[in-house]
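The values are calculated or read from the model by the stated rules, or taken from the named source; none is laboratory data. Every value quoted in this text rests on a predicted model; they were computed, and no experiment measured them. Positions of Cβ are generated from backbone atoms using ideal geometry, with glycine treated the same way; all protein chains shown enter the neighbour counts. Just so you know, the surface numbers come from the protein's heavy atoms only, side chains and all, with ligands and any DNA or RNA stripped out. Shrake-Rupley method; radii C 1.70, N 1.55, O 1.52, S 1.80 Å.
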Amino acid sequence: MINNIIAIIVISFIIVGSLWGIGNLLNPQEENKTNSTGILLLAENNFFNKTNPTLYINSNIPQKITIANKDFVRHDFIIDELNINTGYLYSNQDFTTAIASRESGIFEYYCSLHPSTMRGTLVISETT
Ligand SMILES: [Cu+2]
């Protein structure tokens, strides 16, 4: 009897586990994607997209960027020189804004709540 119950529990775990694995295969996590929908930065485990990727855009072409907070704690996204500040994003909130600059240059983006780990570089190249 006990053995049957244990077997049922084990089989349930295996079924749930395989369904979860299949779900993940069908919906792969999106990384730093740059296309017509813009850049997506996931704030997760106090990093942006795990590696704080360097972002590349061109001057005089506005680039859409979405910050999505996947953590339980608050995050924000700031580029001082370009006057970009999402304000605090709570768990599961996201915010879309545009990065636009007439000037090329190298700028720093960061989260004001976790500036030691959430910090990266934005490179704006001159559009020719
Ligand atoms: Cu943060």
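Yes or no: ILE61 assigned to a loop (DSSP other than H, G, I, E, B) and open to solvent by 50 Å² or more (accessible area, probe 1.4 Å)?
On the way: assigned to a loop (DSSP other than H, G, I, E, B): yes; open to solvent by 50 Å² or more (accessible area, probe 1.4 Å): yes.
It is true that ILE61 is assigned to a loop (DSSP other than H, G, I, E, B) and open to solvent by 50 Å² or more (accessible area, probe 1.4 Å).
Within segment 80-106, being touching an Asp or Glu at 6+ places or on another chain (Cβ under 9 Å) and more than 16 Å from the ligand (Cβ to nearest atom) holds for GLU81, SER101, GLU103, SER104, GLY105.
Taking the conditions (1) modelled with pLDDT under 95; (2) on the phi > 0 side of the Ramachandran plot in turn, ASN92 satisfies each one other than (1).
Would you confirm, using the coordinates I've provided, whether THR127 is touching a residue at least 60 places away in the same chain (Cβ under 8 Å), within 14 Å of GLU44 (Cβ to Cβ) and open to solvent by 40 Å² or more (accessible area, probe 1.4 Å)? Taking the combined requirement at face value, the residue does not satisfy it.
Tell me yes or no: at least one residue of segment 83-106 is touching a His at 6+ places or on another chain (Cβ under 7 Å), open to solvent by 20 Å² or more (accessible area, probe 1.4 Å) and of a type outside the set (Val, Ile, Thr).
There is no residue in segment 83-106 that is touching a His at 6+ places or on another chain (Cβ under 7 Å), open to solvent by 20 Å² or more (accessible area, probe 1.4 Å) and of a type outside the set (Val, Ile, Thr).
Beta carbons closer than 8 Å, at least 6 apart along the sequence or on distinct chains, pair a first residue in segment 78-106 that is free of Cβ contacts under 8 Å to residues at least 12 places away in the same chain and assigned to a loop (DSSP other than H, G, I, E, B) with a second that is open to solvent by less than 90 Å² (accessible area, probe 1.4 Å) and acidic (Asp, Glu) for GLY87/ASP76. For THR66, the stated conditions hold: it is at pLDDT 95 or above, under 30 Å from PHE95 (Cβ atoms), of a type in the set (S, T, N, Q) and surrounded by 10 or more Cβ atoms within 10 Å (Cβ to Cβ). Please enumerate the residues belonging to segment 107-124 that are touching a residue at least 12 places away in the same chain (Cβ under 8 Å), open to solvent by 20 Å² or more (accessible area, probe 1.4 Å) and within 16 Å of the ligand (Cβ to nearest atom). Hits for segment 107-124 are GLU108, TYR110, SER112, LEU113, HIS114, THR117, ARG119. Residue by residue through segment 108-122, note down the ones that are among the hydrophobic types (A, V, I, L, M, F, W, C) and in contact with a Leu (Cβ under 7 Å, 6 or more places away or on another chain). Scanning segment 108-122 gives a single hit, LEU122.
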